[in-house]
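J.: This structure is in structure tokens; I'll ask about it shortly.
The values are calculated or read from the model by the stated rules, or taken from the named source; none is laboratory data. Small disclaimer: the values here were computed from a predicted structure and weren't measured. Cβ sites come from the backbone with ideal geometry, for glycine too, and all protein chains shown count toward neighbours.
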Amino acid sequence: MLRAYKFLMRPTVRQAQALAEMLRDHRSLNNAALQERRDAYQHSSRTSIRYGDQSAQLKEIRAFDPERQGHWSFSSQQATLRRLDKAFAAFFRRIKNGEKPGYPRFKGVRHFGQRDLPEGRGQLPLGLHPAQCAHPCATSGRRAHPGASAPAR
């Protein structure tokens, strides 16, 4: 079961820059993967590209660009590709059901403000730790992160 947590962070200037770079690099990975899928679909052969195909290319991408893409967690980049794959699965499901499809869009700076951290794998850059845990989503069955401190009142 996936859990969602929101953390209040008080990063230093250097840490805030690293977080911005991380989101920029994950956004560019997302947009490049979307571009590849769009180009393949528009090609006359109607080739389909899946998560497995793009995930297999991730090792080459990281080797080609070690300063940007190679710097971040491999599993968090896979999670970014999985999120795009889920968006395409929902798009094709809506087409099949006759609903308004809503093709996945390229993400700008304002619309890509989160990163998935697979449990126990993704590490925050530059030793950044949550200052305190804000209340997790108000859904039954969810609880506060065991390692985070209680929210300030």
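J.: Considering only residues that are out of contact with any Lys or Arg (no Cβ under 8 Å at 6 or more places or on another chain) and either closer than 20 Å to LEU23 by Cβ or not in a helix (DSSP H, G or I) (or both), which ones fall in the stretch 85-95? Spell out how you get there, then give the answer.
T.: Of the stretch 85-95, the ones out of contact with any Lys or Arg (no Cβ under 8 Å at 6 or more places or on another chain) are 86-87, 89-93, 95.
If the condition is that a residue be out of contact with any Lys or Arg (no Cβ under 8 Å at 6 or more places or on another chain) and either closer than 20 Å to LEU23 by Cβ or not in a helix (DSSP H, G or I) (or both), then LYS86, ALA87 are the ones that fit.
J.: Further, regarding this structure: Scanning the stretch 4-30 for residues that are of a type in the set (Gly, Ala, Ser) and over 16 Å from ARG62 (Cβ atoms), which turns out farthest from the chain's Cα centre (by Cα)? Can you show your working first?
T.: In the first step, residues of the stretch 4-30 are kept if they are of a type in the set (Gly, Ala, Ser); the result is 4, 16, 18, 20, 28.
The next check asks that each one be over 16 Å from ARG62 (Cβ atoms); those that pass are 4, 16, 18, 20.
Numbers: ALA4: 13, ALA16: 18, ALA18: 16, ALA20: 14 Å.
Once the filter is applied, the top-ranked residue is ALA16.
J.: Search the stretch 31-68 for residues being assigned to a loop (DSSP other than H, G, I, E, B) and surrounded by 11 or more Cβ atoms within 10 Å (Cβ to Cβ), and hand back the single one that is farthest from the chain's Cα centre (by Cα).
T.: The initial filter retains those residues of the stretch 31-68 that are assigned to a loop (DSSP other than H, G, I, E, B), namely 43-50, 65-68.
Applying the additional criterion that residues be surrounded by 11 or more Cβ atoms within 10 Å (Cβ to Cβ) yields 47-50, 65, 68.
Numbers: THR47: 25, SER48: 21, ILE49: 18, ARG50: 16, ASP65: 18, ARG68: 15 Å.
Looking at the filtered set, the residue picked out is THR47.
J.: Moving on to the next point. Considering the stretch 93-113 alone, what residues qualify as being at pLDDT below 90, of a type in the set (A, V, I, L, M, F, W, C) and surrounded by fewer than 16 Cβ atoms within 10 Å (Cβ to Cβ)?
T.: PHE106, VAL109
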